[in-house]
Amino acid sequence: MKLPRLSSLAVALAAAFPPLALAQTSAEVLKELQELKARVVDLENKLKASEAKQPQWGMTPEQAAEFNRVQVKTEALEDSRDAMGLKNLKISGYMDPTFIWNKRQDRAGFQFLNAVSDDGYSYDNSYFGAAAIDFIKETEGGSRWRLTLAPNRGVGAVFDGVSIVQEASLSVPITDLQTRFIAGQIPDWSGYEYLQPTLNKLITHNLLFDFTLPSAYTGAGFDITRGKWIVKGMLSNMNASKRKAGEKTPVFNYRVDYSRGEFQGFGFAGVHGKAANFRADDGVGNPVTGLPYDLKDTRVDLFEFDAYFIRGDWTVQGQLSAGRQRNAAITADPVTGDLRDAQWWGASALAAYKFSPRFEGIARVDYIDNSKYGGGLLGYNFADDRNGIGPDPAGNPEVGANRTALSFGIGYAFNLNTTFKAEYRLDRADLPVFIDVKSNTYSKTNHLFGGSVLVSF
C-alpha cells in the first residue's frame, strides 16, 4: 500500500532535518505574539475612547462640556483681573443721611454732604452726614495702598477746607508683615471712638473726640505688631498737609494697643511737638498786634488712655485725656497782654447693651475741665458760643466754662448693611456760654436730637 510508505517517508525527512521543523514552529509563535500585542494595544485604545465618552464625576457629557467651558472662562477672568490690577483690591463705602435738631441754634433739618468750610466743625456738625468710598489694594509682596474719599465731610475738608481725601496712606513690610513702614495722610487714632459712622455707635462724637484730639497726621513712621501688642508712631504735620513758611518742627504722634484677651484691652496715644496756634491771630486771620512770629506755631502736648470690654450683649468703653498748647489760652494776661497756655483734661465713658441681636441701647457721658485762663481747647482758642467754649460773656474773662454732655441713643440693625440710629443729647456748661440765636441770650444748656440711616457695603 502507498499510505504506509508515505508516512515512513515523512518520518524519515523529519528525522533528517529537525532544525527546519523547529524554526517553522518558533516563527509561528512569534507571529502570534505580535498579533496578540497589536490586539491588546487596540483594545486599550478602544477602552480609553470609551472612557472619554462616559460621564465623569457623575456628570453627563453635556455637563462635562459646560464644566470645561466655565473653567476656561474662569481662567480668562482671572487673567483679565490680574492684568487690570484688581487682584487683592477691596472696595467698601458708606452713606449716612442725618437729621439734626438743635434747640439753641434754632434749626432742624437734614444734613448730608454739607461743606465744613461753610459752617465749621462743631459737635452738631461732625463727620456724620457723609458719603465715603474706600479703596484698599495689597500687592503680592504684602505692601498696602489705601485711598478713602469723603467729599465735604472727611478730615481733609476739616483741616484743608476743600480736600475730599480722608485717608491716603501706604504700608510697606520691612523685615516681615508685622514690621511695616507707613506714610501718607492718616486720620487720628486716639481714643475709643472712631471717625467713621460704621464704627461709631451714636451719631455724634464725644467731647474729647471733637475738641481735644487732632484730625489727621501727614508724615511717615512705623507700625509694629508683636503678639498682643501693636505700636504705631510717626513724625508728621498735625492737621496740615504742608507746613507754612517759618514752620519747621513736626510732631511725634504714637499709639500703643494691647489686647488682653478675647473680650478686653487697652491703649494709649500721644502727640508732642509744634502745631498751628490759632490764638496767634484775631480770629479772622489778622495777626495779634506785637505778637512774635514764632507764636503762630507753638508746642502741643496731648496724651490719652482708653480701654474697652466687649462680651456678649455688653459693650463698655472709656477714655481719659489731658492736653496743653503753649500761648493758646482764650484770655491773654490782663496786665501785660501776653498769651498764656491753654490747658485741659477730660473723661468719657460709653455703655451699650443689645436687647436683641438687632436692637441696641447706648448711653454716653463726657466731661472736660477747661476753666484756666478763660479756657481754650485744641483748635478752639477763642470763645465759641455755639459749642459752649470760653468764659461767660458777662462774667469773669479769666474763668472758662467746664463742659459736660450726656447722650442716649438706640441702634437698630435692619439688615446686614443698614442701621437706623437715633440720639438725644444734653450739653451743659457751668457758665452761660450757649447762645440762643432766637432770643440772643446765653444759657448753660443745649438740647440736640438726631436720627440717621447708615448704609454700608
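The values are calculated or read from the model by the stated rules, or taken from the named source; none is laboratory data. Owing to the predicted nature of the structure, the values given are computational and were not obtained by experimental measurement. Methodologically, a virtual Cβ is constructed for each residue, glycine included, from the backbone with ideal geometry; neighbour enumeration extends over all protein chains shown. When the accessible area is computed, the model is the full protein with side chains, heavy atoms only, and any ligands, DNA or RNA have been set aside. Shrake-Rupley method; radii C 1.70, N 1.55, O 1.52, S 1.80 Å.
Some notes on this structure:
- Of the accessible area of the chain, computed with a 1.4 Å probe over protein heavy atoms only, carbon and sulfur atoms account for 62 percent.
- Length gained when the stretch residue 75-residue 394 is fully extended (0.36 nm per residue, less Cα-Cα span): 107.3 nm
- Per-residue SASA entry for residue 308, accessible area with 1.4 Å probe, Å² rounded to 10: 80
- Scoring 149-162, 111-124 by mean Cβ neighbours within 10 Å over their residues and listing the highest first yields 149-162, 111-124.
- The lysines within cross-link reach of residue 438, meaning a Cα-to-Cα straight distance under 17 Å and a gap of 8 or more places when in the same chain, are 103.
- Ordered from largest to smallest accessible area (heavy atoms of protein chains, 1.4 Å probe), the residues 382, 252 come out as 252, 382.
- Pairs spanning more than 27 Å between alpha-carbon atoms, out of 90/248; 274/372; 296/372: 90/248.
- Among the listed options [x] 152; [y] 258; [z] 203, the one matching volume of the Cα convex hull per residue in Å³ as calculated from these coordinates is [y].
- Taking all Cα pairs closer than 8 Å and separated by 6 or more residues, the relative contact order of the chain comes to 11 percent.
- Angle between the chain longest axis and helix 2-16 axis [Cα atoms, degrees, rounded to 10]: 50
- For the chain, the longest principal axis of the C-alpha atoms and the axis of helix 61-83 are separated by about 40°.
- In the assembled protein chains, residue 165 presents an accessible area of approximately 40 Å² (probe radius 1.4 Å).
- Basic side chains Lys and Arg get +1 at the Cβ, acidic Asp and Glu get -1 at the Cβ, and with that the dipole of the chain about its Cα centre reaches some 1340 debye.
- Segment 187-285: C-alpha gyration tensor shape, a/c 1.5 cut-off, then a/b vs b/c: oblate
- Counting only protein heavy atoms and a 1.4 Å probe, the chain has 55 square angstrom of accessible area per residue.
- Note on exposure: 203, 164, 136 ranked by accessible area (1.4 Å probe, complete protein assembly) read 164, 136, 203, with the most exposed listed first.
- Peptide packing: for 228-236, 342-350, 326-334, the average count of neighbouring Cβ atoms within 10 Å per residue gives the ranking 342-350, 326-334, 228-236, highest mean first.
- Overall form of segment 327-410 per C-alpha gyration tensor (a/c, 1.5; a/b vs b/c): prolate
- Taking segment 316-357 and dividing mean pair separation by its residue count, relative contact order in percent (alpha carbons under 8 Å, at least six apart): 47
- Label-point gap, in nm, between residue 263 and residue 47 - each point 7 angstrom along Cα→Cβ: 6.4
- Between 0 and 90 degrees, the angle of helix 18-53 with respect to the longest Cα principal axis of the chain falls at about 30 degrees.
- Unsatisfied cross-links (Cα-Cα over 20 Å) in the set 137/421; 73/137; 201/354: 137/421; 73/137
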